[in-house]
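As structure tokens, the structure follows; a few thoughts come after it.
Bear in mind that the values in this text are calculations on the coordinates, not laboratory data. Not measured: the values here are computed from a predicted model. Glycine also receives a Cβ, built like all others from the backbone with ideal geometry; neighbour counts cover every protein chain displayed.
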Amino acid sequence: MSDDLKPCPFCGWDAPYVRTTGLETEVYCQSCTAVGPLVHSVGPDEDVDEVAIELWNRRALEARIKHLERERDEVWNAAVEAAAAAVRQALVDAAHSHRGQEGKLTSAFFKAEDYASNAILALRKGADHD
């Protein structure tokens, strides 16, 4: 029966088991002592073990999704920061290569930096709404 169980969503242990105490059944992780929702037997035809496994597996799936979403957000934020740093460095390099034209270049530099900042903010907002 434990072949049907997903690993523990908290510690990743791959051998949780179904345990029954009196009329209550739950999935238990011996590694970290996590416990799935309690299932109460209400009739002889009900397979409480299957219900407990279904509830445990649903929790495992939801925890995995949240973990993957956090990883995605971290990668996205790192990519946005790297892009911002690259744009800023390109602007600084352009400013240094056009010395002597400071008046025109300073205005263009600040405009470009403003556009880059707005683009980065739009990217972040887009990531928050996915």
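Take every Cα pair under 8 Å whose residues are at least 6 apart in sequence, average their separation, divide by the length of the range 2-67, and the relative contact order is 30 percent.
Phi angles across the range 47-53 convert, under the Karplus curve 6.51 cos²θ - 1.76 cosθ + 1.60 with θ = phi - 60°, into 3J(HN,Hα) values of 8, 5, 4, 4, 5, 4, 5 Hz, Gly and Pro given as x.
Working ranking of peptides 78-87, 32-41 by packing, defined as the average number of other Cβ atoms within 10 Å per residue, highest first, is 32-41, 78-87.
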